[in-house]
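The next block holds one structure in the form of structure tokens; read it before the comments.
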There are 2 protein chains.
Amino acid sequence: TAVDKGADFANYFCTYAFLYHQKEMLSDRVRMDAYFNAIFQNKHHFHGKTVLDVGTGSGILAIWSAQAGARKVYAVEATKMSEHARELVKANNFQNVVEVIEGSMEDVTLPEKVDVIISEWMGYFLLRESMFDSVICARDRWLKPTGVMYPSHARMWLAPIRSGLVDKKKSDYEGAMDDWFCFLNETRNCYGVDTSVLTKSFSEEQRKYYLQTSLWNNLHPNQVIGTTAIVKEIDCMTATINDILNVNASIAPSITAENTRLCGFSGWFDVHFRGSMENPAQSEIELTTAPSVDHSTHWGQQVFLLHPPIHVSVGDDLIVNFSMNRTKENHRLMEVELSCEIRQSSGKLLPPFRNKFYME
Amino acid sequence: TAVDKGADFANYFCTYAFLYHQKEMLSDRVRMDAYFNAIFQNKHHFHGKTVLDVGTGSGILAIWSAQAGARKVYAVEATKMSEHARELVKANNFQNVVEVIEGSMEDVTLPEKVDVIISEWMGYFLLRESMFDSVICARDRWLKPTGVMYPSHARMWLAPIRSGLVDKKKSDYEGAMDDWFCFLNETRNCYGVDTSVLTKSFSEEQRKYYLQTSLWNNLHPNQVIGTTAIVKEIDCMTATINDILNVNASIAPSITAENTRLCGFSGWFDVHFRGSMENPAQSEIELTTAPSVDHSTHWGQQVFLLHPPIHVSVGDDLIVNFSMNRTKENHRLMEVELSCEIRQSSGKLLPPFRNKFYME
Ligand SMILES: Nc1ncnc2c1ncn2[C@@H]1O[C@H](CSCC[C@H](N)C(=O)O)[C@@H](O)[C@H]1O
Ligand SMILES: Nc1ncnc2c1ncn2[C@@H]1O[C@H](CSCC[C@H](N)C(=O)O)[C@@H](O)[C@H]1O
């Protein structure tokens, strides 16, 4: 599982080198408020302390840490965004506190251990991008035994949902297949080559693209049609890479909406800033990416659609087995398997089903 | 200039591994007709001969070569599309003629030299993707001295144009900057960090994205407002990589439209199938990607916009210096410099200007 650094840069890091992309994150008020409050309502964690910001991007968390009184902040960034971070630090007069270091966290050497590791490492549905690996690596090498992690805890949630996307994606898929059959005829009639042998592969490719790829969505809370459950809890102080390689959970949500369609499941996450057991936060802050009318985030939720949707109603009970793994080709992308059994409130069991999804 | 293979695959090859993408090329009637006619109207080049198809993709050109009577076809493809090519070859009963080889052309060893090299290697504005490098490499290693190249010649064209895109892109850019200033205020007021030092870099990033990136466009012929000129001619039999690393040309187009705006320049290409001097085509075929109402291609044209556009009219003469180079970061992408002087029909000289563009 050696990572090709050139490919990893082309696939992953390169987007972070654009101010446009950093600005999108800096414009996410829910995200910004959470980190801002976490820092400034817990100044005792920062005052006079040394801080490491893993993946500093524009430098925002490093500057806030300095504003909260940090003695020294190491701000590590893999991309050329480090140069802008350095400019921003200087323009805000913290060049004596914040040291921006361009490099991969994994390769960087610091002159000392730190009291706080702060990082905004969360990807879609928490684990996409696998950036927490770099935070774990930083923690194990550079956090003092008495140190604290910002954030300190993270959780993944899953819930049954309804969504019109299920019809949209189905018809996109069918359109692509109609197109294929026209193409097939044309290629045979005009160009003398029979491509029908590829129909199965084409249809699999298109199914994967339209039906089996999880989607970014900003759900309305009333699209959640059942109870929500936690599929993963992470203690950022103790989690190992092994702990986050796979997520496996069996949950039993109940349908809480009357006569509706189970169109799929949605996943989101929250993180908490609680400090450590020995050195707790004065004010605990939560950052949640749950469906919300007024507090949506750039992460939105990930949606895993079921084709076809299934009629359900209040009191139907589900048993869902959820499993998420990294793909073989790219350790920053995920494959998800969802199997589901439905016991209707009448007691009738529907045939179980199993679906595979790609989080690209 | 060593190429990182992992990054090259992530950036370039990966898209070709999708049937969807191959299908798009196979649905381009202009492209298909040209290769189809080139092969079937020149069967003497194929009958009983050995053929190498560089980058066979779905295998279409290899199968046509076999249908035209080739004794043996080597069909080389870098991506997993090779497996579909193999299926297609088999389904069309040419498994005894066409041998599909998965690998980079640069790494592949053939058991013999060939009579024909066929390839569809053309990218946007001909040279984007730099795939002709691989064809040159194949030719120098595997073409018999008596062999022929399919296509045999290629040309790049440039013409002055008008286009409403110039206004669209300008307003997109201005919208992005308006957004930036809102963001700047919000970040200062709500989060106590002054990001104004990044304004220049953000504006440069956005200028590059909106104003200096060449665009794909399917131009109407009446958007061409002047004479068109050739900026590069390639003889596929003799061209070296050195010959195609840069394109430099000085051209002098005249405006042929009355009272209009010079909004920029457009580039396109054509290729010809003429066989070789010793073994000419019986029927010469042309594939052109020039602006056309009825015969547009998936290549469209590349458009290089001028901000602001300039008022011109019939009889105005331009002197344009065009130069195109590969980017340092990615040898498959191009940078273009266009400088221009306008002598109005009245004799008045407008101040010269110079623009840089990225073909991404
Ligand atoms: N292993 C690693 N080493 C250094 N930087 C990394 C990294 N993995 C990810 N990054 C960087 O981490 C950043 C995550 S985005 C968060 C940026 C900033 N901390 C903010 O909160 O606004 C990106 O800029 C990315 O380039
Ligand atoms: N150096 C190289 N070695 C092998 N294949 C290559 C290559 N460079 C590009 N290719 C392949 O060349 C193809 C170009 S697209 C053309 C496909 C096909 N010949 C057709 O005409 O429809 C892609 O499938 C790409 O993966």
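The values are calculated or read from the model by the stated rules, or taken from the named source; none is laboratory data. What you see is a predicted model, and the numbers here were worked out from it, not measured in a lab. Note: ideal-geometry Cβ built from the backbone for every residue, glycine included; neighbour counts use all protein chains shown. Calculation scope for accessible area: heavy atoms of the full protein, side chains included, ligands and nucleic acids excluded. Shrake-Rupley method; radii C 1.70, N 1.55, O 1.52, S 1.80 Å.
Figures for the structure shown
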item: Given charges at Cβ of Lys, Arg, Asp, Glu: chain A dipole, positive-most of A:265, A:352, A:254; result: A:254
item: Greater than 27 Å apart at Cα, pairs in B:113/B:232; A:23/A:72; A:170/B:169; A:23/B:356; result: B:113/B:232; A:170/B:169
item: Label distances, nm, residue B:181 versus same residue in remaining copies, Cβ-directed 7 Å point; result: 5.6
item: Shielding score for A:61-72, defined as the mean number of other chain Cβ atoms within 10 Å; result: 1
item: Summed buried accessible area for B+A [probe radius 1.4 Å, Å², rounded to 100]; result: 3600
item: Selection from A:11, A:219, A:176 lying farthest towards where the dipole of chain A points positive, charges on Cβ; result: A:219
item: Within straight-line cross-link reach of residue A:328, aspartates and glutamates at Cα separation under 18 Å, skipping those fewer than 8 residues along the same chain; result: A:4, A:8, A:129, A:133, A:205, A:243, A:337, A:360
item: Helical contribution to [θ] at 222 nm, DSSP H n ≥ 4, -39,500 (n - 2.57), averaged over chain B, rounded to 500; result: -8000 deg cm²/dmol
item: Calculated label separations, residue A:308, copies of the chain, 7 Å along the beta-carbon direction, nm; result: 6.0
item: Shortest-first distances to equivalent copies, position residue B:110, nm, label 7 Å out along Cβ; result: 5.8
item: Heavy-atom accessible area order for B:182, A:263, largest first, 1.4 Å probe; result: B:182, A:263
item: Phi-based couplings in Hz for region A:207-222 (Karplus 6.51, -1.76, 1.60; Gly and Pro marked x); result: 4, 4, 5, 8, 10, 10, 9, 5, 10, 6, 8, 9, 6, 7, x, 6
